[in-house]
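Here's the structure, in structure tokens; my notes come after.
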Amino acid sequence: MRKASLILSFLSAASASIVVGDPSDTIPASQWASDNAIKANYDVPVIYYQTNADTAPYIVKDRQHKSYQNEVLQTESNDTSVVIATNGSTVDLIDTKIIKFGYSSDLIQASFFGLNAAVLVANKSEVYISDVNITSHNGAANVYAYGSDTVVYIDNLWMYSSGPVSHGLYASGNGTIKAKNVRTYSGGNRCSSFSGDNPAGYLYIDDAVAHTSGIGSAIGFVLGEMNLTNVVGSADKSPAFFSIGDAHGSCTNCELEAGLLAGLVIFGLSEGSGVNLFHLDHSKVTVTDETAPALWFGGITAEVYLRHTEFVTESNILAVANYSTITQEFNFYAGYDDDPTAISAAHAQVYVEHSTLTGDLIAYNGSTLGIHFTDHSYWTGKGSVGYGVAHLGVSLDASSTWNVTGNTSLQNLTNADTTFSNVISNGFSIKYNSSAPANSALRGKTIKLQGGGRVSPISTK
Ligand SMILES: *[C@@H]1O[C@H](CO)[C@@H](O)[C@H](O)[C@H]1NC(C)=O
Ligand SMILES: *[C@@H]1O[C@H](CO)[C@@H](O)[C@H](O)[C@H]1NC(C)=O
Ligand SMILES: *[C@@H]1O[C@H](CO)[C@@H](O)[C@H](O)[C@H]1NC(C)=O
Ligand SMILES: *[C@@H]1O[C@H](CO)[C@@H](O)[C@H](O)[C@H]1NC(C)=O
Ligand SMILES: *[C@@H]1O[C@H](CO)[C@@H](O)[C@H](O)[C@H]1NC(C)=O
Ligand SMILES: *[C@@H]1O[C@H](CO)[C@@H](O)[C@H](O)[C@H]1NC(C)=O
Ligand SMILES: *[C@@H]1O[C@H](CO)[C@@H](O)[C@H](O)[C@H]1NC(C)=O
Ligand SMILES: *[C@@H]1O[C@H](CO)[C@@H](O)[C@H](O)[C@H]1NC(C)=O
Ligand SMILES: *[C@@H]1O[C@H](CO)[C@@H](O)[C@H](O)[C@H]1NC(C)=O
Ligand SMILES: *[C@@H]1O[C@H](CO)[C@@H](O)[C@H](O)[C@H]1NC(C)=O
Ligand SMILES: *[C@@H]1O[C@H](CO)[C@@H](O)[C@H](O)[C@H]1NC(C)=O
Ligand SMILES: *[C@@H]1O[C@H](CO)[C@@H](O)[C@H](O)[C@H]1NC(C)=O
């Protein structure tokens, strides 16, 4: 791991000082630099059904049950898996090594149906993986689960990949993966450690070390549902999470580092496409990109719940809600010129419990961004509008504190402490929109704050 000192803080006290490594300590990414330089190319003919039923040396199908134990299974062919389990079959992979070489010539099939994945599980099949090592090169997912009633169970899996779109654990078509004890490294672009895809993937991961180096390679790409527990991870050139559409992500006892765009990027193609939900509990996300916020919302309606959670940013920006989305390459915030068909404002509410947060809120062009502090939370920051007309909201319970670091104008301001003794103004002022229903309790009043500032209605002239 880039940060050699990442410590598995969730391990039992006896082993709490173990410094963990990830698979790139064993196989340096530099050995596979040419693989990792291959850019994902989705410019291929679209065939929107699964074409890859027979392309693997080890195929188990038609409700058969087969076990592979103490074996080395491999292939070097393009557009071919090593193991396919399909049509209601059951496969056990135990104490086994799986080695996958071979390029992908059709990233539509690879992404949506698992073509070229080292292990492909499809059509109501189940695979049990225990004590297994999977390495894939040239651009291949390690494990792919496709279709409703397809489930992969994993205990103790070591994964390495090089090349584009070689996600670690990848589920689509409503497929499910339940994993514990996982170590994964991906060196290419668009290779998330854990990834869901169209229309949904369901991933439940406990106790993992995850590392990615490429652009567009998150620790979690959430489309459907993803719950991570006890995960230590670093996404060197990506957010820790991309979450798209009305997905549901959760992260408990995680310690993650993000290197590009934001800690969490929550985006969609339309603000009306359902509510994206994300829960972070007892977690810490560090954002190393100097300009990136902890939370970024674009083109979506979203709710984020933070409990005992901490963000560390270089930018001092806590959250952005933008009239924007993310570029196809996952390397930049897209504007109207990049994609006029798929861009809209963001509407995000952030609920904070028992957390100390530092950083500013910024809303752009028609977006709304509200934040709610409860249960002894503490916020140091201010709010501002990026451009256009946009709305910000802040609410505080009586046990939470706002340490104001700049003048802030709010659409919604609610405070259970009616004297505002829990707001430290540092001489700055807070304005509120007295016509907004949320502010009715303030009745257009002006209130003096400790530190010299005041709360007052936005003048209507
Ligand atoms: C899964 O079933 C569909 C529909 O029968 C078929 O088109 C597809 O090839 C199957 N996939 C695999 C991997 O067997
Ligand atoms: C699935 O397996 C059953 C036997 O269990 C067989 O009758 C059926 O034809 C198979 N389906 C496909 C699509 O191969
Ligand atoms: C496999 O794909 C690579 C990269 O596209 C190509 O150079 C090679 O010729 C392909 N091999 C076969 C057997 O088609
Ligand atoms: C997994 O297999 C790869 C390729 O054979 C090897 O380099 C690596 O050391 C193995 N990892 C473990 C933990 O044994
Ligand atoms: C996924 O679930 C949806 C909704 O239940 C269903 O319409 C669709 O056929 C499922 N897809 C697959 C590949 O199983
Ligand atoms: C996933 O996490 C969410 C929110 O934390 C929770 O409601 C849900 O029950 C979890 N699902 C599973 C299968 O653990
Ligand atoms: C906001 O979105 C615009 C495009 O609409 C983009 O140019 C700008 O970089 C974005 N800024 C942030 C901080 O998201
Ligand atoms: C602001 O949003 C409006 C739609 O409400 C859009 O037409 C306009 O292009 C956006 N401006 C910028 C600079 O993105
Ligand atoms: C302000 O509160 C209203 C409900 O009174 C809500 O609909 C709106 O989204 C809130 N705006 C912000 C910026 O939180
Ligand atoms: C409020 O925030 C400022 C700026 O970060 C800091 O210097 C100051 O110590 C904080 N005040 C309190 C009471 O925490
Ligand atoms: C903050 O607002 C106050 C009162 O409106 C004003 O006097 C002061 O100049 C403002 N400070 C900054 C830095 O804009
Ligand atoms: C103030 O709130 C009212 C009611 O929600 C709204 O119509 C108006 O546009 C807001 N004013 C500003 C400056 O946003």
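Phe241 passes every criterion in (1) farther than 13 Å from Ala262 by Cα; (2) in contact with a Gly (Cβ under 8 Å, 6 or more places away or on another chain) apart from (1). Cys191 meets all of the listed conditions (1) over 17 Å from the mean Cα position of the chain (by Cα); (2) under 26 Å from Tyr333 (Cα atoms) but one, namely (1). Which residues, counting only those in the range 441-453, are within 16 Å of ligand 11 (Cβ to nearest atom) and surrounded by 15 or more Cβ atoms within 10 Å (Cβ to Cβ)? Of everything in the range 441-453, those that are within 16 Å of ligand 11 (Cβ to nearest atom) and surrounded by 15 or more Cβ atoms within 10 Å (Cβ to Cβ) turn out to be Ile447, Leu449, Gly453. The residue of the range 295-325 that is nearest to Gly393 (Cα to Cα), among those that are in a strand (DSSP E or B) and among the acidic types (Asp, Glu), is Glu303. Is it the case that some residue within the range 317-336 is near ligand 7 (Cβ under 9 Å from one of its atoms), farther than 21 Å from Leu260 by Cβ and at pLDDT below 90? Yes, the conditions are met somewhere in the range 317-336. With the requirement that a residue be charged (D, E, K, R) and either within 31 Å of the chain's Cα centre (by Cα) or outside any loop (DSSP other than H, G, I, E, B) (or both), what does the range 64-92 give you? Across the range 64-92, the qualifying residues are Lys66, Asp79, Asp92. Restricting Ser125, Ser104, Ser136 to those that are crowded, with 24+ Cβ neighbours inside 10 Å and within 14 Å of ligand 4 (Cβ to nearest atom) reduces the list to Ser136. Of the set (1) within 27 Å of Gly147 (Cα to Cα); (2) in a strand (DSSP E or B); (3) over 11 Å from the mean Cα position of the chain (by Cα); (4) among the small types (Gly, Ala, Ser), all apply to Gly272 but (2).
Yes/no per residue for (1) under 19 Å from Leu277 (Cα atoms); (2) surrounded by fewer than 24 Cβ atoms within 10 Å (Cβ to Cβ); (3) in contact with a Pro (Cβ under 7 Å, 6 or more places away or on another chain):
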| site | (1), (2), (3) |
| --- | --- |
| Tyr170 | no, no, no |
| Thr184 | no, no, yes |
| Asn198 | yes, yes, no |
| Tyr204 | yes, yes, no |
| Asp207 | no, yes, no |
| Gly214 | no, no, no |
| Ser243 | yes, no, no |
| Cys254 | yes, no, no |
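Restricting Ile424, Ile430 to residues that are within 16 Å of ligand 11 (Cβ to nearest atom), at pLDDT 95 or above and under 23 Å from His308 (Cβ atoms) narrows the list to Ile424. Residues that are aromatic (Phe, Trp, Tyr), assigned to a loop (DSSP other than H, G, I, E, B), modelled with pLDDT of 95 or more and on the phi < 0 side of the Ramachandran plot are absent from the range 377-385. Close contacts from the range 39-54, counting a first residue that is aliphatic (A, V, I, L, M) and a second that is surrounded by 11 or more Cβ atoms within 10 Å (Cβ to Cβ) and at pLDDT below 90, with Cβ to Cβ under 9 Å and a gap of 6+ residues or different chains, come to Ala40/Glu329. Could you tell me which of the residues Val423, Val404 is more than 16 Å from ligand 1 (Cβ to nearest atom) and touching a Ser or Thr at 6+ places or on another chain (Cβ under 6 Å)? Checking each option against the conditions leaves just Val404.
The values are calculated or read from the model by the stated rules, or taken from the named source; none is laboratory data. Model, not experiment: these values are computed from the prediction. Glycine gets a Cβ as well: all are built from the backbone with ideal geometry, and neighbour counts include every protein chain shown.
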